[in-house]
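The values are calculated or read from the model by the stated rules, or taken from the named source; none is laboratory data. This structure is a prediction, so every number in the text was calculated from the model and none was measured. When we count neighbours, we look across all protein chains shown, and the Cβ atoms used for this are built from the backbone with ideal geometry, even at glycine. Side chains included, ligands, DNA and RNA excluded: accessible areas come from the protein's heavy atoms. Shrake-Rupley method; radii C 1.70, N 1.55, O 1.52, S 1.80 Å.
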Amino acid sequence: MRRIVVAVAGMIAWTGLVAQAPTPPVAATATAIDYAGPATWLCRPGVDDGTCSADLDAVAIDARGARSPAPYIAAKAPPIDCFYVYPTVSLDPGTFSDMAPGPEERRTVHAQAARLGSVCRLFVPVYRQLTITALRREMARADAGKAALDFDTPYRDILAAWRAYLARDNKGRGVVLIGHSQGAIILKQLLAEEIDGKPAQRRLVGAYLAGNPDLTASSLRAIPPCRRLGATGCVTAWSSYRDADASRRVFGAGKPGDAALCVNPAAPEGGRGMIEAYLPRPSLAPASDPPYVETIGQLSAECVADGAGTVLRIRIEPGAYADLLGVALDRMASAGGWGLHSLDINLVQGNVVAMIAAQSAAWGRR
């Protein structure tokens with residue numbers, strides 16, 4: 001049984017919602033989920049209530065404050081697929097979520113994954129994830145040195161969804177795996193057990209694992225880190241912190257002699273790169289603005305190694321909205337050493353889409 005200590009209780013993503021009152025643990029059910037039908041998917045071809053397609057337009061704002069429309073354009077016939085696993089967001093009262101996604105799951109999928117529809121067919125399975133309730137309970141137990149987190153049930157669900165996707169939908173297509181936090185933990189295990197050095201690796205266009213607390217350079221044997229734009233069959237991983245954040249860190253510590261893996265989506269070859277964030281429309285914006293703001297030339301990022309590990313350091317560049325961005329990032333940052341964990345995907349979302357587009361083009365030339 002795979003257990004991970006409560007250090008990963010920082011996996012509270014996008015919504016920042018507070019869990020309900022704790023309930024006693026429940027035993028993991030052995031009931032298998034059938035992913036053949038549409039009810040077990042939030043998004044897949046032919047299954048989408050708008051969560052993965054509606055209201056994705058943005059206004060692009062550059063460092064001078066100049067505004068321009070940034071409409072979302074869905075791909076008509078994308079040549080590759082994206083298989084996405086959402087992070088810890090469920091507010092269900094038990095240890096594991098049910099299979100009826102709530103508004104918190106839908107908001108997170110919309111914010112983190114829906115934009116991928118511009119470069120790939122999107123597959124988003126519903127799964128029985130460890131809930132925020134369970135994580136908060138284990139955080140309390142950690143004070144007594146008793147905490148542990150069991151990801152067996154969530155992993156079994158995603159494994160079943162992956163195998164159903166391969167059997168029914170893949171048909172030899174290239175596929176990108178992308179997950180955040182709990183989703184990244186599950187996908188790391190899936191990569192290690194089902195893809196790394198296995199026949200399925202031939203279908204891997206790329207993998208994106210954001211906010212994984214124990215991913216290192218040696219976690220995967222035959223799947224290398226991505227080190228240039230357009231490289232395929234490789235993994236991109238990062239955990240985000242402000243450049244001036246000197247607090248204790250939950251993510252990026254790695255292991256003795258085995259550094260945490262960090263690949264900058266804005267500059268996979270190394271160094272600093274400008275990031276294209278997609279952030280929710282601020283309350284002070286006109287009501288007529290689209291739901292998202294795309295930042296252009298306002299933020300940069302670099303993988304930085306220090307005595308505490310390796311993380312993606314986010315820097316606010318000089319500009320008309322630098323102060324407001326600083327306030328926004330501070331407000332959305334998580335306490336307790338989690339940094340900008342809740343924004344891992346959204347801070348570099350435009351860069352990730354661009355990387356996948358380059359990988360798709362390279363895949364098509366193979």
Item to check | Single residue of Glu138, Glu104 found to be within 30 Å of Val205 (Cα to Cα) and acidic (Asp, Glu) | outcome: Glu104
Checklist entry - When Lys171 is evaluated against the numbered criteria (1) under 20 Å from Leu122 (Cα atoms); (2) touching a residue at least 12 places away in the same chain (Cβ under 8 Å), which criterion, by number, is the only one it fails? => result (2)
Checklist entry - Taking the stretch 324-349, which residues are acidic (Asp, Glu) and modelled with pLDDT of 95 or more? => result Asp344
Item to check | Hits in the stretch 284-322 (condition: outside any strand (DSSP E or B) and among the hydroxyl-bearing types (Ser, Thr, Tyr)) | outcome: Ser288, Tyr321
Item to check | strands (runs of 3 or more DSSP E) fully within the stretch 172-269 counting 1 or more residues that are of a type outside the set (S, T, N, Q), over 27 Å from Asp306 (Cα atoms) and open to solvent by less than 20 Å² (accessible area, probe 1.4 Å) | outcome: 174-180, 204-210
Checklist entry - How about the stretch 26-52: which of its residues are of a type in the set (Asp, Glu) and open to solvent by less than 80 Å² (accessible area, probe 1.4 Å)? => result Asp48
Next on the checklist: From the list Leu204, Leu220, Leu191, Leu187, exactly one residue is at pLDDT 95 or above, closer than 15 Å to Pro125 by Cβ and touching a strand residue (DSSP E or B) at 6+ places or on another chain (Cβ under 7 Å). Which is it?
Outcome noted: Leu187
Checklist outcome for this item: Of Asp81, Asp55, Asp92, the only residue that is in contact (Cβ under 8 Å) with a residue 12 or more places away in the chain, of a type in the set (Asp, Glu) and surrounded by fewer than 21 Cβ atoms within 10 Å (Cβ to Cβ) is Asp55
Checklist entry - So, in the stretch 327-366, of the ones that are over 22 Å from the mean Cα position of the chain (by Cα) and not aliphatic (A, V, I, L, M), which residue ends up nearest to Pro256 (Cα to Cα)? => result Trp363
Checklist outcome for this item: In the stretch 74-93, residues that are among the small types (Gly, Ala, Ser) and farther than 30 Å from Gly364 by Cα total 1
Checklist outcome for this item: Restricted to the stretch 298-316 and to residues being open to solvent by less than 30 Å² (accessible area, probe 1.4 Å) and farther than 18 Å from Cys226 by Cβ, the residue modelled with the lowest pLDDT is Gly309
Next on the checklist: Take the conditions under 19 Å from the mean Cα position of the chain (by Cα), modelled with pLDDT of 95 or more and of a type outside the set (A, V, I, L, M) and apply them to Glu269. Does it pass?
Outcome noted: no
Next on the checklist: Is it the case, given these coordinates, that Ala70 is farther than 30 Å from Arg203 by Cα, open to solvent by 40 Å² or more (accessible area, probe 1.4 Å) and hydrophobic (A, V, I, L, M, F, W, C)?
Outcome noted: no
